[in-house]
1. Taking the stretch 13-249 on its own, what percent of its Cα-Cα pair distances exceed 28 Å?
2. What number do you get for the stretch 173-255 when its Cα radius of gyration is normalised by 2.2 N^0.38 Å, N = residues?
3. Among SER45, ALA94, ALA185, flag the residue with its Cα farthest along the positive direction of the charge dipole of the stretch 13-249, charges on Cβ as +1 for Lys/Arg and -1 for Asp/Glu.
4. By how many degrees, between 0 and 90 and to the nearest 10, does the Cα long axis of helix 118-132 differ from the longest principal axis of the chain?
5. Kirkwood Rh over Cα pairs of the stretch 62-175 into Stokes-Einstein at 4 °C, 1.567 mPa s: D in µm²/s?
6. Return the long-range amide H neighbours of ILE246 (sequence gap of 5 or more, or a different chain), with a cut-off of under 5 Å between placed amide H atoms.
7. I want the local charge near VAL75. Using Cβ-Cβ distances under 13 Å, sum +1 for each Lys or Arg and -1 for each Asp or Glu among the other residues.
8. Pairs LYS12/LYS218; LYS147/LYS179; LYS12/LYS147: which are spaced more than 32 Å apart, C-alpha to C-alpha?
Amino acid sequence: MDFDHKTDFDQKVVIVTGGGSGIGRAAALGFASRGARVLITGRRSEPLEEVSAAHPGIVGCIADVAQTADVDRTVRSAIDRWGRLDVLVNNAGAGAILPLAEATAERIASIFAVNVVGPSLMARAALAYLTAGQGSIVNISSTFGHKAAKSLSHYAASKAALEHLTRCWALELAPLKVKVNAVAAGPTASGALTGMMGLSAEAAASVEAEERETIPLKRRGIPDDVARWILHLADPAADWVTGQVISVDGGLSHS
């Protein structure tokens, strides 16, 4: 990622959940290249170690954002290590191709636990420290948080909830000078289709081809496309921007 090594985030401290791959990885590297000290989280050690090895400003922390104890430990780890927290990026996500006929309480709850409960727990745990530095929260949503799609209803609903949490928190935290925004990412090359969504490689390739034709700009995104906007919204220079959901999706929202 070419961020021309500006020092916008020099000595700032950033937490990126789900920072071991895809958009989270790109954002973590972007923040670190601009001088930030970055704590990334995830449930598997290997991806965290790979990203941490890519930049000395990045440290990994194995944690599940849906678990209160892990959330509290994550924030405490950043504070114990660096003494402050300036930016929280709620990027960790869960989803599934889940037709209504196949929906169960357990599968629905597992999606909402990561996409709604997790960001809420992280924001609550980070709030006092973000307030102290008049910091920023950036939530990572999806085009499908505001665009209907068959068989994605519960994933889409969880992202719609996250977008409205963004707007509500922006109002609630404005007196504290904490900014809250969201980036709604379109289909992005991150392995999510075969990973989070559980598709076979063949099915994923078919979906990707369909997405390329549907997206007005005729290409799927890459993680850097989205990460740039995460950094823009977290930048101290954007301190008059709050409560916004920015779609970064090649125009898919309007197709």
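Read-outs: derived from the displayed coordinates by stated rules, not from any lab. These numbers were taken from a predicted model, which means no experiment stands behind them. As a convention, Cβ positions derive from the backbone with ideal geometry for all residues, glycine included, and neighbour counts pool all protein chains shown.
1. Cα-Cα pairs of the stretch 13-249 separated by over 28 Å account for 25 percent.
2. Normalised by 2.2 N^0.38 Å, the Cα Rg of the stretch 173-255 equals 1.32.
3. ALA185
4. 20
5. Approximately 87 µm²/s, per Stokes-Einstein.
6. Here the answer is ALA182, VAL183, ALA184, since their amide H atoms fall under 5 Å of that of ILE246.
7. Local charge sum for VAL75: +1.
8. Numbers: LYS12/LYS218 37 Å; LYS147/LYS179 25 Å; LYS12/LYS147 35 Å.
From LYS12/LYS218; LYS147/LYS179; LYS12/LYS147, over 32 Å: LYS12/LYS218; LYS12/LYS147.
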